[in-house]
Structure formats: C-alpha cells, structure tokens
Amino acid sequence: MTSLFAPLILRELQIPNRVWMSPMCTYSAEPTGPLTGAPTDFHLAHYTARAAGGVGLVMVEATGVRPEGRISPWDLGLWSDAQERELGRLAASIAAAGAVPAIQLAHAGRKASVNKPWLGDNALGLDEHGWTPVGPSPIAFPGLPVPHELTRDEIAEVVQAFAASARRALAAGFQAVEIHAAHGYLLHSFLSPLSNQRTDEYGGDLAGRARIVLETIDAVRAVWPDGLPVMLRVSTTDWVAEDPEDDRAAWTVEDTIELTRLATARGVDLIDASSGGLVRARIPHDRDYQTRHAGRIRRATGATVAAVGRIDDPAWATRLLEDGEADAVFLGRALLRDPSWANAAAVAVGGKPRYLEQYAYAV
Ligand SMILES: Cc1cc2nc3c(=O)[nH]c(=O)nc-3n(C[C@H](O)[C@H](O)[C@H](O)COP(=O)(O)O)c2cc1C
C-alpha cells in the first residue's frame with residue numbers, strides 16, 4: 001500500500017510526498033517591458049505558500065517557450081535572461097519551503113492570444129498585446145481566429161524553443177520539467193486528427209501526428225540531466241469517442257496508451273493524465289471522470305502516472321494510490337482554496353505534515 005506521504009523517486013530525484021501542485025496559470029506577469037513574462041512578487045508568494053503548505057512538488061504554471069506560445073500576454077515565459085533570473089528566485093523560494101521546484105513548458109498554439117479568463121477569455125487583437133496564433137492546420141478553435149499553419153522549419157524552431165527553455169529552467173534551479181501536450185494547446189493540437197489535417201510527415205497516422213511531441217521529448221532530454229525527470233502532461237481523450245452522438249475521429253485513451261509507450265521509451269519519466277480542451281465536448285461529472293484514465297494507462301503500460309482532476313479529499317486521494325490508479329496526485333483548485341491542503345491531509349490520514357520551523361507552533 002502506498003501512502004500519499006511516502007516519497008517517490010524519479011531517476012535520482014526524491015520527491016518528499018505524492019501530493020503535488022498542478023500547474024495553474026495565474027495571468028499575473030507583465031505583458032510588456034523588460035520583465036515581460038517574468039514572475040512577480042505575486043508568483044513568489046503564491047507558489048511559496050503552497051510549498052510551505054506541504055506539497056511534495058510545485059509545478060509552476062504553463063510557461064511559454066516563445067512569446068507567441070503564451071496563452072495570454074500575462075503568462076510566464078522562459079525565453080529571456082530576465083525571465084531566467086526571476087524564475088531562479090522563484091525556484092529557490094519553492095525549494096527553501098521544502099518542495100521540489102518543477103516547471104511546465106508550454107506552447108499555446110491555436111488557443112493563444114486570449115484575455116484573462118476573468119475578463120472574458122476573448123481573442124486579443126494585435127492592438128491589445130495580442131498576436132496571430134499558430135497551429136498544425138488552418139483550423140480555428142471555436143470562437144478564436146484561424147491559426148497560421150506552421151511550416152516544417154517553424155516546427156523545428158518550436159522544438160528547439162522547448163529545448164532552450166528547458167536549458168534555462170535547469171539553470172534557474174528547477175529539478176523537474178513538464179512538457180505540456182494537453183488541453184488543446186500546440187502539441188495536443190498536433191496529436192488530434194480534429195485539429196491536425198497535415199499531409200506531410202507531421203500529420204496522418206499516429207506516428208506522424210505524434211512526431212512533434214517525440215521530437216520535443218528528444219530535444220528536452222538532450223539538455224536535461226540524466227538524473228532528473230521529464231514529465232509529459234497529456235489529454236487522455238478529446239471526449240469525442242466517449243460521446244455516442246459524435247462519430248468524428250479524435251484523440252482517444254487508446255491513442256494515449258500508444259503515446260505513453262513511445263514517450264517513456266524516449267525518456268519521459270511520468271505521464272500526467274489530464275483530458276479535454278481541444279474542442280468543446282460533453283465531459284462527465286463523476287468524481288473519477290479523469291482519474292480512471294490514469295489507472296487505465298498505468299495498468300496498460302506500466303508507466304509511472306500522476307492523476308489529476310476533482311481530487312480534493314484526502315481519503316479519495318489515498319484510495320487512488322492504494323488501488324493502483326496512480327503513483328502521485330496533482331491538485332489544482334483545492335490548493336487555490338487552501339494552500340495548506342497537504343499538511344491538513346497528512347494530519348487527517350496519519351501522514352507526516354511538513355511544517356516549516358517558523359510554523360512549529362501550529363502543531
Ligand atoms: C485557474 C486555472 C489555471 C490552470 N492552468 C493550467 C496550466 O497552466 N497548465 C495546465 O496543464 N493545466 C492548467 N489548469 C488545469 C489544472 O492544472 C488541473 O488539471 C485542473 O484544474 C483539474 O484539477 P482540479 O480539479 O484539482 O482543479 C488550470 C486550472 C485552473 C483552475
């Protein structure tokens with residue numbers, strides 16, 4: 001039986017427990033100027049509070065590998081020296097509070113250049129700090145502009161941008177890196193036949209549609225130390241195959257199982273099993289709607305898998321691990337509500353809370 005509060009070792013990295021902070025955009029970086037895309041005092045306080053609250057790993061939000069790879073102009077980025085320097089302060093602060101500092105590297109593709117969600121999520125024009133989004137094919141996400149279809153040279157530039165950002169992430173002190181291939185953003189949009197209708201070697205069958213993801217894994221692995229883990233966030237399904245009224249060809253759990261085999265063979269150490277985001281779809285609301293896919297992938301492939309989605313109860317999180325559905329859990333909204341969720345859960349399930357010495361009087 002695996003406890004939520006048992007360490008997990010990935011390569012040579014020991015992660016102190018299995019309750020991890022899921023990447024969540026905070027839309028709080030400067031959109032212009034010398035500190036564009038760099039973390040601010042807000043990011044420092046936000047992530048350090050969750051680290052001090054006892055999570056084993058903090059995954060810093062989707063961080064654009066290129067300016068046009070940000071979801072919004074207020075996203076973090078990692079293409080400049082200033083961003084690397086400020087992210088270094090953030091990584092050090094997370095580590096000092098006892099959690100493993102990790103960062104999600106991302107390219108938003110055809111869903112880029114939108115407003116903050118609380119201001120409407122609408123597409124931003126060129127006069128509003130926006131830009132023209134890019135994608136595998138000129139097929140728009142509903143409500144957003146038609147993306148520019150990437151050429152093969154531009155695909156190679158994107159792959160190299162992931163590697164360059166990974167190199168900077170390492171220099172900044174991050175100990176794990178996650179490639180974002182979920183939620184309809186660029187890499188996922190190549191995987192799914194709904195958004196990828198290319199006729200060159202980056203489209204067609206699964207091997208073609210997965211090519212950019214596998215090249216990105218290779219490029220990141222080439223600059224990332226052998227002793228440290230690379231994680232891959234995937235959308236396990238587009239939620240189209242599950243809908244009996246929708247017969248379009250889409251990305252499926254079976255495809256994710258195949259991708260997991262290809263990705264782990266190339267050095268990915270953990271699959272972070274999310275879902276959806278590519279098209280508007282009917283998504284079930286049961287508690288295990290998404291975590292059950294993590295279990296399927298884990299059993300089918302033997303890969304190390306993290307579950308995410310609607311995990312907010314310590315007993316349920318424990319059960320996911322004990323039932324072999326996952327090796328670790330990522331929590332999103334529960335940690336927005338309560339930065340100390342992990343320490344409270346440890347007390348609830350008989351694990352060891354990790355209070356900083358400054359908080360010793362809390363116990
Ligand atoms: C405000 C917000 C921002 C998010 N930003 C990201 C992100 O940057 N990268 C990502 O992969 N997922 C992102 N997500 C998805 C979460 O990481 C998580 O997978 C999702 O919220 C489901 O988990 P939960 O039910 O524990 O919240 C975001 C979710 C929220 C609520």
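So what's the gap between the Cα centers of segment 312-335 and segment 238-273, to the nearest angstrom?
Cα centroid to Cα centroid, the span is 21 Å.
Considering the dipole of segment 94-190 built from charges on the beta carbon (Lys and Arg +1, Asp and Glu -1) around the Cα centre, which of P101, H180, G135 is farthest to its positive end?
P101
Percent of alpha carbon pairs in the chain separated by more than 31 Å?
The share of Cα pairs beyond 31 Å in the chain comes to 29 percent.
Can you bin segment 127-278 into rounded, prolate or oblate? Criterion: square roots of the alpha carbon gyration tensor eigenvalues sorted a ≥ b ≥ c, rounded for a/c under 1.5, prolate for a/b above b/c, oblate for the rest.
Since a/c reaches 1.5 but b/c is at least a/b, the shape of segment 127-278 is classed as oblate.
Go ahead and run the numbers for FRET between R248 and R167, Cβ-Cβ distance against an R0 of 45 Å, rounding to 0.05.
That pair, R248 with R167, gives E of 0.70.
Please report the spacing between the Cα centers of segment 15-88 and segment 130-200 in Å, no decimals.
The two parts, judged by their Cα centres, are 19 Å apart.
I need the peptides 117-123, 351-357 ranked by packing, meaning the mean over residues of other C-beta atoms within 10 angstrom, with the highest value on top.
351-357, 117-123
Restricting to DSSP H runs of at least four residues, report the calculated mean residue ellipticity at 222 nm for the chain, -39500 (n - 2.57) per run over all residues, nearest 500 deg cm²/dmol.
Helices in the chain give a 222 nm mean residue ellipticity of -10000 deg cm²/dmol.
Suppose every K and R has +1 on its Cβ and every D and E has -1 on its Cβ; what is the size of the dipole of segment 14-127 about the Cα centre, in Debye to the nearest 20?
360
Length gain on complete extension for the stretch D153 to D121, per 0.36 nm per residue less the alpha carbon to alpha carbon distance?
8.5 nm
List the GluC sites (Glu not before Pro) within segment 197-299 that DSSP assigns to loop and that have no more than 12 neighbouring Cβ atoms inside 10 Å.
Sites meeting the loop and neighbour criteria: E201, E245.
Every read-out reported here was derived from the displayed coordinates using simple, explicitly stated rules and does not represent laboratory data. From a predicted model like this one, the values you see are computed outputs, not experimental measurements. So basically every Cβ, Gly included, is an ideal-geometry build from the backbone, and we count neighbours across all protein chains shown.
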